[in-house]
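Written out below as structure tokens is the structure these notes cover.
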Amino acid sequence: MSKRKNEDMNVRNTATKEYGKKVTVRVQKVKKSHIKQKLVFFTVLAVCLVILAVFSDHLCPYDPYAQDLSSALQAPSLAHPMGTDTYGRDMLSRVISGARASIFSTFILVAVISIFGTIVGVGCGYYGGIMDSVMMRISDVCLAFPGLVFAMAIAAILGGGIQNAIIALAVISWPKYSRIARSQTLALKNEPYIHAAILSGDSSLQIMLRHVFPNMLGPVLVTAMLDIGTMMMELAGLSFLGLGAQIPMAEWGSMMSSGRSMIQTYPWVVLSPGIAIFVSVVIFNLLGDTVRDYLDPKNREAF
Amino acid sequence: MKAKKILAMALAVGMTLGLTGVPTFADDKKTFVFGDTTFNAENEEADINPQNTYAGWACIRYGVGETLFRYSDTMEIEPWIAKEYENIDELTWKITLNDGVVFSNGRACDGEAVKECLEALVANHERAAGDLCIDTIEADGNTITIKTTEPKPALINYLSDPYGCIIDTQAGITDNGIVIGTGPYVATDLVTDDHLTLVKNENYWNGDVNVDEITVRTISDGDTLAFALQAGEINAAYGMAYASYPIFENEDFTFSSTATSRAFYAWMNFESPVTSDPAVRKAIAMGIDKESFVSVLLKGYGYPAVGAFPDTFSFGGQNLTTESYDPDGAKQVLEDAGWVDTDGDGIREKDGQKLVIRWLTYPSRQELPLLAESAQATLKEIGMDVQVNCTSDNNTIRKDPTLWDVYASAMVTAPTGDPQYFFTSCALDSSVSNNGHYHSDKLEELAAQMENEFDVDKRAELGIQMQQTVLDDNAYVFCSHLRMSMIMQSNVTGLVAHPCDYYELTADLDIN
Amino acid sequence: MRKYVIKRILQLIPILFAITFLSYGMMRIAGSDVVTQKMENTGGVVSEETLDAAREQLGLDKPFLTQYFVWLGKLLRGNMGNSYVSGFPVFDTFVSKLPATLLLTVTSILLTIVISIPLGILSAVKQNTVVDYLIRLCSFIGNSLPNFFVSLLLMYFLAIRLRIFPVIAKDVSLKSVAIPAITLAIAMSAKYLRQVRATVLDELSKDYVAGAKARGVKFSVTLWKSIMKAALVTIITLLMLSVGNLLGGTAIVESIFMWDGVGKMAVDAISMRDYPIIQAYVMWMAIIYVLVNLLTDLSYRFLDPRIRLGGVKQ
């Protein structure tokens, strides 16, 4: 059956190519180089953010933890471009210093869940059987287990703090990746070239490494990129519930939630970290979009 | 084009969805909405049944129930349902009720009714039974005679606790915890953690009631509370976040504030290798900037504390002396005791032990994290590394003295207006909460004297001596007292903050 | 097919067992309990004997496993117990919170559909024009603001400045649900809008669109008859997952707006260690997830016939 389907697809592909060959090729070439430019641009922006996070200690104009109650809650000025917070700490320094905590913790979280989730998903999808059922039930339990209960329990067992917030979010979010990877693997498994590889005597591990994982890279990478924004906000949400970063750590989510009562009175305290979150989420989302467009097989087909 | 039409339709649908709410009609009834952050099951105020844990607070605050005696603004006992009391002997008290007190259902609140209520209270309420030690109660017309099993100098104070609200036990308690009291308002509807509806008590025995209908709304989020007051959805608010205060500091709103006996203070751990050193404790006491904490972080809505009780009490802080904020002096104290920064990292050491203070506290009181963070900074100045552990699990952690050095908490130190409570619960060898294992021979001796002292003035004098003993040992650092504030629209009158935090909605409440 | 569905529903049983056990265990390890939690909140100090008596009354003094099985045994007899905090029956409490959560779920989903589908299609049809960029910018903004922040802004503008909607819910009504529903819809629409746009773009590049055009079929007809259909399938799959989340009550939004639903109930219960309520909440979440996952798997099969249910046997 799959053979016939493959033939059908070939017929359709050639048909498309003949149908509007000259025009589409040119348009898509332009689009492709445009995407490449965008990709470079957003990568540069993302790298800038990461550099900011790495060198945050050297870039802060003030000590982000030095309190000066006599200059508390000052509006933005030349001396303090983003104003000062309740404790008289310089907001700009805290936002810069917070880049490390916020960006790195999100990176670690997304890396852990995407790698672990994908491995589990591919394994389950490929082998099927009992392992699949068991792992999928475990992932069901993780998904069905309310994230909030889990995060609060983790915070109570291990204490609050950003590491524990990461653990809590990781445990409840990996199944998403394993589900993507599993369904992709299930679809791939019926592809003729996998059957061919099985017939030619490749071991399961070889097949997974050579044929399944490379195919998984695109969707997983794109999902992970787009997840960076979501996870950054999830961490902020946990901070809102008091389960995230501990005082006096500068972290955007907790800065925002601790300053939220000041939105009417001292808006810079909440807007500065808010804008920082917004800008980084936008950069990573745009980068994710561009990577997806770049990896999209429909674009590749044109070449 | 069609897309646009759809869009327009979508918007229209959205608008109608939003606008088809039920409009509220104004009538000539006086209604009042009160937003409160603490009226919830979390604070053990699931309903308004005074015999159910701490729900008596809601019963008395919202004007449903009244106690036999009440506290004056200086926390002295005043008559309320009862006219007077007589201490016949160490174990016998005779209480005379006012004439003409009636429950909101019309039943007379006489000696018999009070007897029934108190008997039910002792049977149902775990704290009341232990506090009151009631042996027998006899009712005769408008007088009752209470015999206790042991001498109870503070019996009248305990009867003024919110659990002592007199309710009509014959009328019973509804499934959702509504009781019949003698107060100016009658509860008609109650949903735990959401709202309580009250109407005017037409039979009120003690004057006229101005407001016809009151809704008490539970609003646990501070920002929502601020927005609701701004939008005019509530007429007054209790428990506003300090950061929101400036929004209301204008002519549209009024504040009613008072000092309460809720104290924010740090307990020293005497088992810890660092805080067992008197020099370290003294330096901590000198290194916390109470004035700035109150004036900047609490926006002036608090009082720097000296002792356990605020100045409004006769045994308050005005009678005491303790360390004041003096970073240089603190450095000298540490220096003299051998705590020196040898490795130049800004943190002092002694015998290889770093001066690290593990500061345990919890987030449910908004002032405590503020205190922790400000102490962290000022103590760093004098060479201490304060590591804050702000967790709701503090009560488990503090039982293990190896896990913390300083425990910052917020406690009502004199809920009954009497000084004994604080010491018996925190500072004595027998105190259950003395997790830092503080011990003072002098304090034990004074406590034993207070145990059998019936004279109010002498009790106050003992209370002063006991506080001074604790302060001399720097066993506790009292940072501030809560200045409890209610914020209301400027047309609200008769809503006044009271030092004991029990009385909020009274018959005086009016809205013009 | 029917066998498969029954099998999946039967799988609910071990999941429920695992989840309730896990949550009981975790709350237990987390230390503290309802008795100490209450004491702390009221700021009073109570003797250890009083606390122990209170624990004994609730059965909290018994070993963990005993507590769990006592609870389980009662559950099997149809008794979910009483809340440790309020003393009311758990089942009644839970059922009384459901309508609010259901209303919030339905309105925010409707709003999401109403916002994301037209805008997503518009954005795709007008690809790379100002309209497209504007819509995408809005979706980015919606996507990168934390929920609690959006709710603050909405409260400020809609309730304080414009005074259209109330800040706090007075009752379970459409007017009261407005701001919380908009808060949730903004985040969801931002996400869905992108998906709809991608799906429609995908469809637009397909041959049948060009074919229809060549045959002289009006573009709007193609749009509504075929493209819309494709977009709906995507949306429905996504929505099912969101419905699951929403039915579990969105803790943050419900707490902020004093929306008396399941999510707020859960936050309150967790902070008080009110085990019976937590268990009810956890079970509710498990049931929703299993059903939603089942529906999702079925729809995968419907969307991509290459996937066979229950994994492929070699």
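Peptide C:138-147: average number of partner chain Cβ atoms within 10 Å per residue?
Working: counts 0, 1, 7, 3, 0, 8, 14, 7, 17, 5.
Per residue, the number of nearby Cβ atoms from other chains is 6 on average.
Label 7 Å along Cα→Cβ of B:Lys30; region B:483-512 residues with amide nitrogen under 16 Å?
The answer is B:489-496, B:505-512, whose backbone nitrogens lie closer than 16 Å to the label point.
Along the positive direction of the dipole of the protein assembly as shown (beta-carbon charges: Lys, Arg +1; Asp, Glu -1; about the Cα centre), which of A:Leu169, A:Met216, B:Leu495 reaches farthest?
Among A:Leu169, A:Met216, B:Leu495, the one farthest towards the positive end of the dipole of the protein assembly as shown is A:Met216.
Tell me the accessible surface of B:Glu126 in square angstrom (1.4 angstrom probe, heavy atoms of protein chains only), to the nearest ten.
Spelled out: B:Glu126, probe radius 1.4 Å, area about 90 Å².
Run the dipole for the protein assembly as shown about the Cα centre, Lys and Arg Cβ at +1, Asp and Glu Cβ at -1, nothing else charged, and hand back the magnitude in debye, nearest 20.
Using only the charged Cβ atoms, the result is roughly 11260 debye.
Which residues of region B:159-192 bury at least 30 Å² of accessible area once all protein chains are present, versus their chain alone (1.4 Å probe)?
At a threshold of 30 Å² (probe 1.4 Å), the residues of region B:159-192 that become less exposed are B:Thr192.
Straight-line reach from B:Lys30: which aspartates and glutamates have Cα under 17 Å away, leaving out those fewer than 8 places along the same chain?
B:Glu202, B:Asp208, B:Asp212, B:Glu213, B:Glu233, B:Asp508, B:Asp510
Please list C:270-278, B:397-405, B:85-93 highest first by mean number of surrounding beta-carbon atoms within 10 Å per residue.
Working: C:270-278: 25.1, B:397-405: 16.9, B:85-93: 14.2.
Top of the packing list down: C:270-278, B:397-405, B:85-93.
Taking H as built 1.01 Å from N, whose amide H comes closer than 5 Å to the amide H of B:Lys30, not counting residues under 5 places away?
Placed amide hydrogens put B:Asp212, B:Glu213 under 5 Å from B:Lys30.
Take every DSSP beta bridge with both residues inside region B:259-483 and express the antiparallel ones as a percent of the total, to the nearest 5. Provide the component values of the computation, followed by the final result.
Working: 19 of 27 bridges.
Around 70 percent of the beta bridges assigned by DSSP in region B:259-483 are antiparallel ones.
For region B:259-483, what is Rg from Cα atoms divided by 2.2 N^0.38 Å, rounded to two decimals? Each step should come with its number before you reach the end.
Numbers: Rg = 16.9 Å, N = 225, 2.2 N^0.38 = 17.2 Å.
Ratio of Rg to 2.2 N^0.38 Å for region B:259-483: 0.98.
In debye, nearest 20, what is the charge dipole magnitude of chain C about its Cα centre with +1 on Lys and Arg Cβ and -1 on Asp and Glu Cβ, if you could check? Present the calculation step by step, with values, prior to reporting the outcome.
On the way: 32 positive and 19 negative charges, 388 e Å.
Roughly 1860 debye, rounded to the nearest 20.
Using 14 Å as the cut-off for backbone N distance, which residues of region A:199-213 belong to the label zone defined by a point 7 Å from the Cα of A:Glu191 along Cα→Cβ?
The answer is A:207-213, whose backbone nitrogens lie closer than 14 Å to the label point.
Within 10 Å of each Cβ in peptide C:159-167, how many partner chain Cβ atoms are there on average? Round it to a whole number, please. Before the final figure, lay out each step's value.
Details: counts 7, 8, 1, 0, 3, 4, 4, 7, 14.
Neighbouring Cβ atoms belonging to other protein chains average 5 per residue here.
Excluding ligands, DNA and RNA, what is the solvent-accessible area per residue of the protein assembly as shown at a probe of 1.4 Å, expressed in Å²? Write down the numbers at each step before the final one.
On the way: 46190 Å² over 1129 residues.
Result: 41 Å² per residue.
Take each uninterrupted DSSP H stretch in chain C, measure its Cα extent along the helix axis, and return the ones at 20 Å or beyond whose mean Kyte-Doolittle hydropathy is at least 1.0.
Details: long enough: C:12-29 (25 Å, 1.74); C:90-125 (51 Å, 1.82); C:174-204 (40 Å, 0.79); C:228-247 (27 Å, 1.88); C:275-303 (41 Å, 1.23).
Both cut-offs are met by C:12-29, C:90-125, C:228-247, C:275-303.
What shape does the protein assembly as shown take by its C-alpha gyration tensor, where a ≥ b ≥ c are the square roots of the eigenvalues and a/c under 1.5 counts as rounded, a/b above b/c as prolate, and the rest as oblate? Intermediate values should be presented prior to the final figure.
Details: a/c = 2.03, a/b = 1.71, b/c = 1.19.
It comes out prolate by the Cα gyration axes.
Ignoring ligands, DNA and RNA, how much accessible area is buried between chains C and B, both sides summed, with a 1.4 Å probe, to the nearest 100 Å²?
Values: alone 18000 and 21890 Å², together 35310 Å².
For C against B, buried area totals roughly 4600 Å².
Report in % the part of the accessible area of region B:261-360 that belongs to carbon and sulfur, leaving out ligands and nucleic acids; probe 1.4 Å.
So the carbon and sulfur contribution to the accessible surface is 48 percent.
Quick one: which of B:Lys115/C:Lys97; B:Lys83/B:Lys152; A:Lys189/C:Lys218; B:Lys299/B:Lys350 span more than 30 angstrom between C-alpha atoms?
Working: B:Lys115/C:Lys97 39 Å; B:Lys83/B:Lys152 20 Å; A:Lys189/C:Lys218 40 Å; B:Lys299/B:Lys350 38 Å.
Exceeds cut-off: B:Lys115/C:Lys97; A:Lys189/C:Lys218; B:Lys299/B:Lys350.
I'd like the accessible area for B:Trp80, computed on protein heavy atoms only with a 1.4 Å probe and all protein chains in place. Round to 10 Å², please.
Surface open to solvent at B:Trp80 totals about 30 Å².
Could you work out [θ]222 nm for chain B from helices alone, using -39500 (n - 2.57) per DSSP H run of at least four and dividing by all its residues? Round to the nearest 500 deg cm²/dmol.
Taken over chain B, the calculation gives -8000 deg cm²/dmol.
At a Förster radius of 56 Å, what calculated FRET efficiency corresponds to the Cβ-Cβ distance of C:Lys218 and C:Glu49, to the nearest 0.05? Write down the numbers at each step before the final one.
Details: r = 83 Å, r/R0 = 1.48.
The pair C:Lys218/C:Glu49 has a calculated efficiency of 0.10.
Filter the chymotrypsin sites (Phe, Trp or Tyr not before Pro) in region B:425-512 to those in DSSP coil with at most 14 other Cβ atoms within 10 Å of their Cβ, and list the result. Intermediate values should be presented prior to the final figure.
Numbers: sites: B:Tyr438, B:Phe454, B:Tyr476, B:Phe478, B:Tyr502, B:Tyr503; in loops: B:Tyr438, B:Phe454, B:Tyr502, B:Tyr503.
Of the chymotrypsin sites (Phe, Trp or Tyr not before Pro), the ones in loops of region B:425-512 whose Cβ has at most 14 other Cβ atoms within 10 Å are B:Phe454.
Treating only the Cα positions of region B:203-313 as identical point scatterers, give the base-10 log of I(q)/I(0) from the Debye formula at each q in 0.10, 0.18, 0.20 Å⁻¹.
With one equal scatterer per Cα and no solvent, log10 I(q)/I(0) is -0.51, -1.06, -1.16.
Assigning unit charges at the beta carbon (Lys, Arg +1; Asp, Glu -1) and nothing else, what dipole magnitude in debye, to the nearest 20, does chain B show about its Cα centre? Before the final figure, lay out the partial values.
On the way: 34 positive and 80 negative charges, 346 e Å.
It comes to approximately 1660 debye.
Any idea of the total accessible area buried by the C-A contact, 1.4 Å probe, rounded to 100 Å²? Walk me through the intermediate numbers first.
Details: alone 18000 and 16970 Å², together 30510 Å².
In total, chains C and A hide about 4500 Å² from solvent.
Taking +1 at the Cβ of each Lys and Arg and -1 at the Cβ of each Asp and Glu, which of B:Pro415, B:Leu379, B:Gly338 sits farthest along the dipole of region B:259-483 towards its positive end, judged by Cα position relative to the Cα centre?
B:Pro415
With contacts defined as alpha carbon pairs under 8 Å and 6 or more residues apart, what's the relative contact order of chain B in percent?
Values: 1087 pairs, mean separation 96.0, N = 512.
This gives 19 percent for chain B.
What ranking, highest mean first, results for peptides A:228-237, B:30-39 when packing means the other Cβ atoms within 10 Å averaged over each residue? Spell out each step's value before the answer.
Working: A:228-237: 24.4, B:30-39: 22.3.
Peptide ranking by packing, descending: A:228-237, B:30-39.
Select from region B:41-64 all residues whose loss of accessible area on going from the chain by itself to the full protein assembly reaches 50 Å² or more (probe 1.4 Å).
Output list: B:Glu42, B:Glu44, B:Tyr54.
B plus A alone minus the pair: what accessible area, both sides summed, probe 1.4 Å, in Å² to 100? Spell out each step's value before the answer.
On the way: alone 21890 and 16970 Å², together 37080 Å².
Chains B and A together bury roughly 1800 Å² of accessible area.
Taking the alpha-carbon distance from C:Lys7 and a cut-off under 19 Å, which aspartates and glutamates remain once sequence neighbours fewer than 8 residues away in the same chain are dropped?
A:Asp132, A:Asp140, C:Asp297
Please name the residues of region A:65-79 whose accessible area, counted over protein heavy atoms with a 1.4 angstrom probe, falls by no less than 50 Å² between the chain alone and the full protein assembly.
Listed in order, they are A:Gln67, A:Leu69.
Considering every residue in C:267-276, what mean count of other chain Cβ atoms within 10 Å of its Cβ is obtained? Each step should come with its number before you reach the end.
Values: counts 6, 6, 3, 9, 7, 6, 3, 2, 0, 0.
Across C:267-276, the average partner-chain Cβ count within 10 Å equals 4.
Rounded to the nearest percent, how much of the accessible area of chain C (1.4 Å probe, protein heavy atoms only) is carbon and sulfur? Before the final figure, lay out each step's value.
On the way: 9060 of 13550 Å².
On chain C, the fraction of accessible area on carbon and sulfur atoms equals 67 percent.
Do the alpha carbons of any pairs in C:Lys191/C:Lys264; B:Lys290/B:Lys331; B:Lys147/B:Lys458; B:Lys331/B:Lys380; B:Lys331/B:Lys354 sit beyond 19 Å of each other, and which pairs? Working shown, then result.
Values: C:Lys191/C:Lys264 24 Å; B:Lys290/B:Lys331 17 Å; B:Lys147/B:Lys458 24 Å; B:Lys331/B:Lys380 11 Å; B:Lys331/B:Lys354 15 Å.
Checking Cα-Cα distances, C:Lys191/C:Lys264; B:Lys147/B:Lys458 exceed 19 Å.
Apply 1/(1 + (r/R0)^6) to the Cβ-Cβ distance of B:Asn105 and A:Ser133, taking R0 = 56 Å, and write down the FRET efficiency to the nearest 0.05. Walk me through the intermediate numbers first.
Numbers: r = 63 Å, r/R0 = 1.13.
The value I calculate is 0.30.
Is the shape of chain C best called rounded, prolate or oblate, per the rule: a/c under 1.5 gives rounded, else a/b larger than b/c gives prolate, else oblate, with a ≥ b ≥ c the square roots of the Cα gyration tensor eigenvalues? Let's see the in-between values first.
Values: a/c = 3.25, a/b = 1.66, b/c = 1.96.
Judged from the Cα gyration tensor, chain C comes out oblate (a/c at least 1.5, b/c at or above a/b).
How large is the accessible surface of C:Asp202 in square angstrom, using a 1.4 angstrom probe and rounding to the nearest 10?
Taking all protein chains as shown, C:Asp202 has close to 50 Å².
The values are calculated or read from the model by the stated rules, or taken from the named source; none is laboratory data. The structure presented is a predicted model; accordingly, all values stated were derived computationally and were not measured. Glycine gets a Cβ as well: all are built from the backbone with ideal geometry, and neighbour counts include every protein chain shown. Remember, those area values only see protein heavy atoms, side chains included, never the ligands or the DNA or RNA. Shrake-Rupley method; radii C 1.70, N 1.55, O 1.52, S 1.80 Å.
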